[in-house]
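Following: one structure in structure tokens, then a few remarks.
The values are calculated or read from the model by the stated rules, or taken from the named source; none is laboratory data. Bear in mind that the values here come from a model prediction, so they are computed numbers and not experimental data. With ideal geometry, Cβ positions are generated from the backbone for all residues, glycine too; neighbour counts draw on all protein chains shown.
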Amino acid sequence: MRTLKLTIAYEGTAYVGWQRQPNGSSIQGCLEAALAQIEGAPVAVVGAGRTDAGVHALGQVASVQLRHEIAPDALVRAVNARLPSDIRVVTAEVGPESFHARFDATAKTYRYRLLHDAVVSPFDRRYGWHVGESLDHERMAEAGRVLVGEHDFGAFQATGSSTQSTVRTLFELTVSRAPRDPWSVHGGAGAALTLIDARGSGFLRHMVRVIVGTLVDVGRGHRDRAAVEHALSSCDRGSAGQTAPAHGLCLMRVGYSQEKAGELCQRRCQVSSRTSLP
């Protein structure tokens, strides 16, 4: 039995989220179905993060145990041939037997896209929140710094969520302008996009989206740094801003400790050495 680490990208519009649900198609369910065809038996896939319905990913990570001795590069081709076109396994590598995509993760990075054109490009509509007007990035960045560090983020989680602890560590939060992309409705230079990047040890349900909704209020002048400080200290969901739409959010990457990354690299080199022999 081998443990493999899969890096996965998906366009989340058509799915109920990462996790299997009684009703609706999930990313996890599609992967398990495709892998089961290769394994010839049921397969359990564990994801690093349970992205919500409509959320996208460029760097989701999953772990899976297989008895089949298929080579990692062949596995990528075989799985993708059985997956819907909006889900792709980007890489596969043999990991240590104990590797667990969720419990071994030390950091996750999410990106949220805000769109400012008066008219939204039809090619952007699924990948950003159209806020229309421009925002005050300096005020947003200043307010965002309040959230960096270890805090109780109870005010920034989905209403009705239940978890043992709402304490999380936010390593970094940045607010930046991005140039127009080629698919913009209006050509030319300019700042048509705002990117909000959040890197943390882990996130509560809807946490990034509530942070984004709160910072958009700040950028519009409806809140200030003090209001964000109050929301954070209150642990009251009603003190924070709205929950930003899911389709603007993307899981960019998942980080692992140097020790765990070293184990994965060692196993990858061993596999490469074996496959290169005549």
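All conditions but one from (1) loosely packed, with under 15 Cβ neighbours inside 10 Å; (2) assigned by TED's automatic domain parsing to the domain that holds ILE196; (3) at pLDDT below 95; (4) not hydrophobic (A, V, I, L, M, F, W, C) apply to GLU172; the one that does not is (3).
Take the conditions (1) outside the structural domain of ALA14 (by TED's automatic domain parsing); (2) at pLDDT below 95; ARG111 misses just one of them, which is (2).
Go through region 2-12 residue by residue and tally those that are closer than 17 Å to ARG50 by Cβ and out of contact with any His (no Cβ under 7 Å at 6 or more places or on another chain). Result for region 2-12: 4.
Candidates ALA107, ALA41, ALA53: the one that is exposed (fewer than 15 other Cβ atoms within 10 Å of the Cβ), over 16 Å from LEU6 (Cα atoms), touching a residue at least 12 places away in the same chain (Cβ under 8 Å) and out of contact with any Pro (no Cβ under 8 Å at 6 or more places or on another chain) is ALA41. LEU6 satisfies every condition listed in (1) in contact (Cβ under 8 Å) with a residue 60 or more places away in the chain; (2) assigned to a loop (DSSP other than H, G, I, E, B); (3) within 29 Å of VAL208 (Cβ to Cβ) except (2). Residues that are closer than 19 Å to THR243 by Cα, touching a helix residue (DSSP H, G or I) at 6+ places or on another chain (Cβ under 8 Å) and either assigned by TED's automatic domain parsing to the domain that holds LEU215 or assigned to a loop (DSSP other than H, G, I, E, B) (or both) do not occur anywhere in region 97-104. The lone criterion from (1) modelled with pLDDT of 75 or more; (2) β-branched (Val, Ile, Thr); (3) under 19 Å from PRO122 (Cα atoms) left unmet by VAL185 is number (1). Answer with yes or no whether ALA92 is crowded, with 20+ Cβ neighbours inside 10 Å, touching a Lys or Arg at 6+ places or on another chain (Cβ under 9 Å), in contact (Cβ under 8 Å) with a residue 24 or more places away in the chain and part of a helix (DSSP H, G or I). The answer is no for ALA92.
Yes/no per residue for (1) modelled with pLDDT of 95 or more; (2) among the aromatic types (Phe, Trp, Tyr):
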site	(1), (2)
VAL61	yes, no
VAL79	yes, no
ARG88	yes, no
GLY95	no, no
ALA101	yes, no
HIS116	no, no
PHE123	no, yes
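Residues that are in contact with a strand residue (DSSP E or B) (Cβ under 6 Å, 6 or more places away or on another chain) and farther than 30 Å from VAL216 by Cα within region 103-127 comprise just one, ASP104. Residues being within 24 Å of VAL61 (Cβ to Cβ), buried (at least 16 other Cβ atoms within 10 Å of the Cβ) and among the small types (Gly, Ala, Ser) are entirely absent from region 132-152.
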